[in-house]
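A.B. asks: Got a structure for you, written out below as structure tokens; questions coming shortly.
The values are calculated or read from the model by the stated rules, or taken from the named source; none is laboratory data. What you are looking at is a predicted structure, and each value in this text was computed from that prediction instead of being measured. Quick reminder, even Gly has a Cβ in these numbers, built from the backbone with ideal geometry, and neighbours come from all protein chains shown.
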Amino acid sequence: MTEITDNHEHTIIETAKQLFVARGYEKTCMCDIAAAAGINRTTLHYYFRTKEKMFQAVFGSIVQTIVPKLKSIFDENIPLLAKMDKALDEYISIFIYNPYLPKFVIGEIQRDVNHLTDTARSLGFDTYLSEIMQDIYVGIEQENLNKPPIVLVFSTFYSQLIFPFLARNLIVALFYENDMEFAEKFMQEWKKNVINQMRMMLEK
């Protein structure tokens, strides 16, 4: 019975994730999730009584695929830029597999950033992020790197990472034959560009 329950819950979360990512929080209703998951609303409410609880589960599953891996990378005893290189690999792999995820996150930031950050805090992910930030500070000190404001490090890294995925359709239409070329050719070259940007910012 537990296995069946877990399977149902997993199916609901994955279905809701697809709808939230495609439509955003406000434009997704519980009846849409139930219909897409092939269940009735009574069954859906048995697992998740409100859309907010549903969103927490979806957001938790998204962040859980990223943040612990990042924390593990930044705990490694390697140079800071090498950590950023490995972190980029993780992000790029996730975004290539979930191409609408960056758009979803940006959309939720624009719609209601407090809702997004409050959800992250309620799930305890702010602790992970604080530890990663501390690892960056320590790396900068130990490696005698430049000390730009952390907001510049954060903004440069994430803006460079996310932009290609937001402009993906245009980039493919103008320069490539298909999405595979975008993933295999462009993103690998773009990753080198991001690391070079971070190197110019951090190295003396």
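Yes/no per residue for (1) more than 28 Å from Q142 (Cβ to Cβ); (2) in contact with a strand residue (DSSP E or B) (Cβ under 7 Å, 6 or more places away or on another chain); (3) acidic (D, E):
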position: S72; (1), (2), (3): no, no, no
position: D75; (1), (2), (3): no, no, yes
position: I78; (1), (2), (3): no, no, no
position: L81; (1), (2), (3): no, no, no
position: D85; (1), (2), (3): no, no, yes
position: I92; (1), (2), (3): no, no, no
position: F95; (1), (2), (3): yes, no, no
position: N98; (1), (2), (3): yes, no, no
position: V105; (1), (2), (3): yes, no, no
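A.B. asks: Of all residues in region 2-37, which are modelled with pLDDT under 85 and acidic (D, E)?
C.D. replies: Matches in region 2-37: E3, D6.
A.B. asks: A follow-up question, please. Quick test of your reading of the structure: G38 fulfils all but one of (1) on the phi < 0 side of the Ramachandran plot; (2) not assigned by TED's automatic domain parsing to the domain that holds Y91. Name the failing condition by number.
C.D. replies: So the condition that G38 fails would be (1).
A.B. asks: Moving on. Go through region 35-53 and report how many residues are over 23 Å from I109 (Cβ atoms) and within 25 Å of the chain's Cα centre (by Cα). Outline the logic, then answer.
C.D. replies: Of all residues in region 35-53, those over 23 Å from I109 (Cβ atoms) come to 35-49.
Narrowing the set further to residues that are within 25 Å of the chain's Cα centre (by Cα) leaves 36-37, 47-48.
Number of matching residues: 4.
A.B. asks: Kindly indicate which of E14, E76 is of a type in the set (D, E) and closer than 21 Å to V105 by Cβ. Before the answer, list the steps.
C.D. replies: Working: E76 fails: closer than 21 Å to V105 by Cβ.
The conditions single out E14.
A.B. asks: Here's a follow-up. All but one of (1) outside any helix (DSSP H, G or I); (2) surrounded by 13 or more Cβ atoms within 10 Å (Cβ to Cβ) hold for F186, so report the exception by its number.
C.D. replies: Of everything listed in (1) outside any helix (DSSP H, G or I); (2) surrounded by 13 or more Cβ atoms within 10 Å (Cβ to Cβ), F186 misses just condition (1).
A.B. asks: Here's another thing I want to ask about it. How many residues are assigned to a helix (DSSP H, G or I) and buried (at least 19 other Cβ atoms within 10 Å of the Cβ) if we restrict to region 45-56? It would help to see each step written out before you state the result.
C.D. replies: Going through region 45-56, the residues assigned to a helix (DSSP H, G or I) turn out to be 45-47, 51-56.
In the following step, the residues that additionally are buried (at least 19 other Cβ atoms within 10 Å of the Cβ) were identified as 54-55.
Residues meeting the conditions: 2.
A.B. asks: I've got another one for you. Please list, ordered by first then second residue, the pairs with beta carbon atoms under 9 Å, 6 or more apart or interchain, first in region 125-144 and farther than 13 Å from V67 by Cβ, second outside any helix (DSSP H, G or I) and among the polar types (S, T, N, Q).
C.D. replies: I140/N146
A.B. asks: Let me ask something additional. Would you mind telling me which numbered condition in (1) among the hydrophobic types (A, V, I, L, M, F, W, C); (2) within 22 Å of Y137 (Cα to Cα); (3) buried (at least 17 other Cβ atoms within 10 Å of the Cβ) M201 fails?
C.D. replies: (3)
A.B. asks: Scan region 68-80 and tell me whether some residue there is touching a helix residue (DSSP H, G or I) at 6+ places or on another chain (Cβ under 7 Å), closer than 20 Å to A183 by Cβ and either without any contact (Cβ under 8 Å) to a residue 60 or more places away in the chain or not basic (K, R) (or both).
C.D. replies: yes
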